[in-house]
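The values are calculated or read from the model by the stated rules, or taken from the named source; none is laboratory data. Given the structure is predicted, the values throughout are model-derived calculations rather than measurements. With ideal geometry, Cβ positions are generated from the backbone for all residues, glycine too; neighbour counts draw on all protein chains shown.
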Amino acid sequence: MANGITLALSKGRIFEETLPLLAAAGIVPSENPESSRKLIIGTNRPEVNLVIVRASDTPTYVQYGAADLGIAGKDVLFEHGGVGLYQPLDLNIAKCRMSVAVPEGFDYAAAVQRGARIRVATKYMQMAREHFAAKGVHVDLIKLYGSMELAPLVGLADAIVDLVSTGGTLRANKLVEVEEIMQISSRLVVNQAALKLKRELLQPVIEAFAGAVKP
Ligand code: PRT
Ligand code: MG
């Protein structure tokens, strides 16, 4: 794939919401990763391939040049740190927010007020650490890899830091949002070396994406 370009995408919401952007760049995937088990997917353009990766792995593939470009959530980019990545565009897709949530009965404001140590379960250690440090709130962070909503229900944590979109998952587990940390959307990330070496292939894709971004 040295002569072409490789785009790293995760399946699910990012893949679905990227399809119209790809179409604007004249790129149509030959298979749907949801039904295919292939991890390398061709397109209508012989020089463009897609690689299907875990959402949190996208920045790593692009950082090391295994993919020339990719699409990743701000949450994922924040945890990765962004080393080696050029981030030319906010694509305004896969939107949600990073928030602090607690069980319905827990008085978060009072706990913060009296300077209690709060136990917080999250997959987003970097984001949580910086948020609470900036507020001067003492926390013990507990790293989880998923189903954060369960942690306060079984006494593992007082609070969680997680992504919220409709709020349905929080409601279903009797949790309430008490603080929004930041608005999240997905960005286009490009390998810095590839941008120089493959500019004539990458630049038109970046420009087509820019023209197709919805406000
Ligand atoms: O596979 P891996 O664990 O590495 O990643 P992932 O499961 O986070 O991937 P995926 O495909 O689910 O999410 C990819 C990106 O979509 C994330 O990095 C976010 O930037 C973005 N995104 C947008 C979301 C959501 N909305 C979202 N609602 N990612 C996750 N959620 C989850 C959230 O964690 C919670 O469990 O959905 C649940 C809440 O949804 P509501 O609608 O009930 O509030
Ligand atoms: Mg998920």
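Here Arg97 fulfils each of the conditions (1) touching a residue at least 60 places away in the same chain (Cβ under 8 Å); (2) surrounded by 19 or more Cβ atoms within 10 Å (Cβ to Cβ); (3) within 11 Å of ligand 1 (Cβ to nearest atom) apart from (2).
Screening the range 122-202 for helices (runs of 4 or more DSSP H) wholly inside it with 2 or more residues that are among the charged types (D, E, K, R) returns the ranges 125-135. I need the full set of residues from the range 164-215 which are of a type in the set (Gly, Ala, Ser) and under 22 Å from Gly70 (Cα atoms), in order please. Passing the criteria: Ser185, Ser186, Ala193, Ala194, Ala208, Ala210, Gly211, Ala212. Checking every residue in the range 138-155 against the condition of being touching a residue at least 24 places away in the same chain (Cβ under 8 Å), charged (D, E, K, R) and within 18 Å of His80 (Cα to Cα) gives zero matches.
Among the residues making up the range 3-24, those that are out of contact with any helix residue (DSSP H, G or I) (no Cβ under 6 Å at 6 or more places or on another chain) and either within 14 Å of ligand 1 (Cβ to nearest atom) or at positive phi (or both) are Lys11, Gly12, Arg13, Ile14, Phe15, Glu16, Glu17, Thr18. Does Gly84 count as within 30 Å of Asn191 (Cβ to Cβ), of a type outside the set (Ser, Thr, Tyr), more than 16 Å from ligand 2 (Cβ to nearest atom) and modelled with pLDDT under 95? For Gly84, the condition - within 30 Å of Asn191 (Cβ to Cβ), of a type outside the set (Ser, Thr, Tyr), more than 16 Å from ligand 2 (Cβ to nearest atom) and modelled with pLDDT under 95 - is met. Quick one: in the range 35-59, of everything that is over 12 Å from Leu9 (Cβ atoms) and among the charged types (D, E, K, R), which residue is farthest from ligand 1 (Cβ to nearest atom)? By that ranking, first place goes to Glu47. Of all residues in the range 118-159, those that are within 15 Å of ligand 2 (Cβ to nearest atom) and either of a type in the set (A, V, I, L, M, F, W, C) or at pLDDT below 95 (or both) total 3. If you go through the range 18-77 and keep only what is within 16 Å of ligand 2 (Cβ to nearest atom) and assigned to a loop (DSSP other than H, G, I, E, B), you end up with Pro33, Glu34, Val53, Arg54.
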